[in-house]
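Trainee: Dropping the structure in here first, questions after.
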Amino acid sequence: MEMLGYFYAIGGLLFIFLMTSLGALSAIFCKKEFLSETLKSIIYGLSGGIMLASAIFSLLIPSLNFDNQIIFPLLGFFVGGLIFILIDRLQLDLFKNKIKDSKRLSLVFVSMTLHNIPEGLSVGLSFALAIKCGGDITSSLIPSLSLAFGIGIQNIPEGLAIALPLHQQGMKKSHAILLGIFSGTVEPLFGLMGLLLVESLNVAMPFLLALAAGAMMIVTFFELFSEVKNEKGKIFLLIGFIIMMGLDVLLG
């Protein structure tokens, strides 16, 4: 049954990478206005609600319950969030220097690639935790699969948001698409790292879970909630949170 869990984990990690790739490839057909504000709000609202609930119920709470430790989860949550606050601060400072558009786009590419790290790590750790808990593996993995689905869906516009501006700035479309796809490779890589770390460093599990939760929360608030600009998006944010919370509470 454990092998089945790893099969699902690899499938989930491949899914989030393929959704980023799909978003980048859609630049072949799309104009900048491809995503309406309403559709963007719905996508980011649903994904943001799923990711916020996952950070709380699939990562942060399990880290607090793991061996009944408190120091390592608190430290991990703070460090995970602080890392990506510093990344965003660095990005803002560089923008203030009025750098050229080409450098600005390169910075966006690097920033979005870095922001994919906690998403991949979170999925990997979520699957690892479900596998370690034992029991009915299929039921245990449903929250992890839901997390992968939520992250995958919001990866589609992220992939497009990298590839399309790079092409409009003058880069060959094929090269822009490849960079968009490349930005998603860190997700399965760090997801697999999460699986391996759990197996080899069991003592680090509370810290890693909380670190992923803190990073995911910062990414969710900075990157997703800022795109929820109408009532429909806010409603889907609530729906996404309720769906993920229900799955975690009922099946976790």
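The values are calculated or read from the model by the stated rules, or taken from the named source; none is laboratory data. Predicted model, so just to flag it, every value in this text is computed and none were measured. Cβ sites come from the backbone with ideal geometry, for glycine too, and all protein chains shown count toward neighbours.
Trainee: Would you please list the contacts, defined by Cβ atoms under 7 Å and residues six or more apart or on different chains, that run from a residue in the stretch 119-133 that is without any contact (Cβ under 8 Å) to a residue 12 or more places away in the chain to a residue that is surrounded by fewer than 24 Cβ atoms within 10 Å (Cβ to Cβ)?
Mentor: Once the first residue is without any contact (Cβ under 8 Å) to a residue 12 or more places away in the chain and sits in the stretch 119-133, its partners that are surrounded by fewer than 24 Cβ atoms within 10 Å (Cβ to Cβ) give Cys133/Ser140.
Trainee: Let me ask something else. Which pairs do you get when a residue that is farther than 14 Å from Ile151 by Cβ, found in the stretch 183-201, comes within reach of a residue that is outside any helix (DSSP H, G or I) and at pLDDT 90 or above, reach meaning Cβ atoms under 9 angstrom, with the pair 6+ apart or on two chains?
Mentor: Note: no pairs meet the criteria.
Trainee: Six or more apart or on different chains, Cβ under 6 Å: which pairs go from a residue in the stretch 227-249 that's in a helix (DSSP H, G or I) to one that's β-branched (Val, Ile, Thr) and crowded, with 16+ Cβ neighbours inside 10 Å? Could you list them?
Mentor: Lys232/Ile42; Gly233/Ile42; Lys234/Val228; Phe236/Ile42; Leu237/Val228; Gly240/Ile50; Met244/Ile50; Leu247/Ile142
Trainee: Out of everything in the stretch 173-187 that is closer than 20 Å to Ile83 by Cβ and assigned to a helix (DSSP H, G or I), what residue ends up being modelled with the lowest pLDDT?
Mentor: Top of the filtered list is Ser183.
Trainee: A follow-up question, please. Pull up the stretch 6-58, narrow it to residues that are over 21 Å from Gly233 (Cα atoms) and at pLDDT below 80, then point me to the one that is surrounded by the most Cβ atoms within 10 Å (Cβ to Cβ).
Mentor: Among those that are over 21 Å from Gly233 (Cα atoms) and at pLDDT below 80, it is Ser58.
Trainee: Kindly indicate whether Glu199 is modelled with pLDDT under 80 and of a type in the set (Asp, Glu).
Mentor: Criteria met by Glu199.
Trainee: Looking at Leu224, Leu208 in this structure, which one is modelled with pLDDT under 85, touching a Phe, Trp or Tyr at 6+ places or on another chain (Cβ under 8 Å) and assigned to a helix (DSSP H, G or I)?
Mentor: Leu224
Trainee: Across the stretch 236-252, what is the number of residues that are exposed (fewer than 15 other Cβ atoms within 10 Å of the Cβ) and aliphatic (A, V, I, L, M)?
Mentor: Initially, the stretch 236-252 is screened for residues exposed (fewer than 15 other Cβ atoms within 10 Å of the Cβ), giving 238, 242, 246, 249-250.
Of the ones still in play, those that are also aliphatic (A, V, I, L, M) are 238, 242, 249-250.
Of the residues in the stretch 236-252, 4 are exposed (fewer than 15 other Cβ atoms within 10 Å of the Cβ) and aliphatic (A, V, I, L, M).
Trainee: Looking only at the stretch 224-235, filter to residues that are crowded, with 21+ Cβ neighbours inside 10 Å and under 18 Å from the mean Cα position of the chain (by Cα); which one of those is farthest from Leu75 (Cα to Cα)? I'd like the intermediate steps shown before the answer.
Mentor: Quick first cut of the stretch 224-235, residues crowded, with 21+ Cβ neighbours inside 10 Å only: 224, 228, 233.
Filter once more, so that each one left must be under 18 Å from the mean Cα position of the chain (by Cα): 224, 228.
Numbers: Leu224: 24, Val228: 30 Å.
That would be Val228.
Trainee: Let me ask another. So the check is Cβ under 9 Å with 6+ separation or different chains; which pairs have a first residue in the stretch 15-28 that's of a type in the set (S, T, N, Q) and a second one that's not in a helix (DSSP H, G or I)?
Mentor: Thr20/Gly184; Thr20/Thr185; Ser21/Gly184
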